[in-house]
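Structure first, commentary second.
The values are calculated or read from the model by the stated rules, or taken from the named source; none is laboratory data. Computed from a predicted model, the values in this text were never measured in an experiment. Glycine also receives a Cβ, built like all others from the backbone with ideal geometry; neighbour counts cover every protein chain displayed. Remember, those area values only see protein heavy atoms, side chains included, never the ligands or the DNA or RNA. Shrake-Rupley method; radii C 1.70, N 1.55, O 1.52, S 1.80 Å.
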Amino acid sequence: MSALAALLPELGRRTLVMGILNVTPDSFSDGGRFQDLDAAREQAARLVEEGAALLDIGGESTRPGHVPVPAEEEQARVLPAIRALGPALPVPISIDTYKASTADVALKAGARIVNDVWGLQREPEIATVAAHHGAPVVVMHNRETIDPSLDIMDEMRAFFERSLAIARRAGIPDRDIVLDPGIGFGKSWEQHLEALRRLPELKALGFPLLVGVSRKSVLGRIHNAATAPADRLFGSIAAHVAAASLGADIVRVHDVRPHVEACQVVDAITRPASRAGDRSLA
């Protein structure tokens, strides 16, 4: 059995919900809310109770215009939470980082998965770290600049070919790799929608897919650009329902319970072999 299958045994059988836990002062939606360890504990317990299949802990905001932080500062934010939560949680923790040193200490502290917003390409040694720990990786598409002229699917295929080559050289088996189209990163508004629309083409590469649109500005542009991120719940659910219908296996969200319920309905319709299909929807 692969490490990914061992950590997430229902992957592929139903749409899994990844709960976001940012221990940062400046994340675009919930910055500063969960820096305190007690607040992080309470939020983690709430997310798991609401049905999160895994938690993603991050210590550096990657929102547009963010200020990068040194690895030492990032680690000072995430390690107390991982050490406190890891032994107590019934679900695995992923570390949201592109830094190899942070991934290493986080995995030693109790994280089980590496979620890299630069697809192993900003610091390729992060793949060696993950392989050493036997940790699955989430490989996200990203770009330094936005180029609206690109065919975004061709761009993503080329990007993922480079990422997969890095992973394979490091010894990460394909069965422990998840791909993420990187909604909100390095794309024009139209390219974000195109990437979501063409998820079946990405799925055809043969890897599980993770999609995260939760509260992002791409939603605000659709219904009301002035909407605060925390007020984008309905748009977030709609985007993730569409993504799950088009092949996403994991959705990364701030609001777990509504997404769990929405994905149960999607699964009952589109994954008849899922456990959701046995539930009464009355």
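Label region 153-281 by shape, choosing from rounded, prolate and oblate, from the square roots a ≥ b ≥ c of the eigenvalues of the Cα gyration tensor; if a/c is under 1.5 it is rounded, and otherwise prolate applies when a/b is larger than b/c, oblate when it is not.
Since a/c reaches 1.5 but b/c is at least a/b, the shape of region 153-281 is classed as oblate.
In debye, nearest 20, what is the charge dipole magnitude of region 41-175 about its Cα centre with +1 on Lys and Arg Cβ and -1 on Asp and Glu Cβ, if you could check?
440
On full extension of the chain, what length is gained from Leu205 through Glu10, given 0.36 nm per residue of separation minus the C-alpha to C-alpha distance?
The span from Leu205 to Glu10 would gain 68.2 nm if fully extended.
Can you give the calculated 222 nm mean residue ellipticity of the chain, where each DSSP H run of n ≥ 4 adds -39,500 (n - 2.57) and the sum is split over every residue, rounded to the nearest 500 deg cm²/dmol?
-13000 deg cm²/dmol
State whether region 142-197 is rounded, prolate or oblate according to the following rule on the C-alpha gyration tensor (a ≥ b ≥ c being the square roots of its eigenvalues): a/c under 1.5 gives rounded; otherwise a/b larger than b/c gives prolate, and the remaining case gives oblate.
Prolate, since a/c reaches 1.5 and a/b exceeds b/c.
Which of His141, His192, His223 moves the most in a Gaussian network model of the chain with Cα springs under 10 Å?
Fluctuation is largest for His223.
Probe of 1.4 angstrom, ligands and nucleic acids ignored: what's the accessible area per residue over region 47-192, in square angstrom?
39
Decide, for region 41-88, between rounded, prolate and oblate: order the square roots of the alpha carbon gyration tensor eigenvalues as a ≥ b ≥ c, take rounded if a/c falls under 1.5, and otherwise choose prolate if a/b is larger than b/c, else oblate.
oblate
Out of Val178, Val139, Val69, any idea which swings most in a Gaussian network model of the chain, alpha carbons joined below 10 Å?
Val69
So which lysines can Lys108 reach, going by Cα to Cα under 30 Å and dropping same-chain residues fewer than 8 places off?
Lys99
I'd like to know how the chain sits against the 2.2 N^0.38 Å rule of thumb: what's its Cα Rg over that expected value?
0.93
Roughly speaking, to the nearest percent, how much of region 117-216's 1.4 Å accessible area is carbon and sulfur?
Answer for region 117-216 is 52 percent, counting heavy atoms of protein chains only.
So what are the three principal axis dimensions of region 1-152 from its Cα atoms, in whole Å, longest to shortest?
45, 38, 28
Per the Cauchy relation, a quarter of the hull surface: what is the mean projected area of the convex hull of the alpha carbons in region 103-171, in nm²?
4.6
Are there GluC sites (Glu not before Pro) in region 67-162 that DSSP marks as loop and that have at most 11 other Cβ atoms within 10 Å, and which are they?
Those satisfying the criteria are Glu144.
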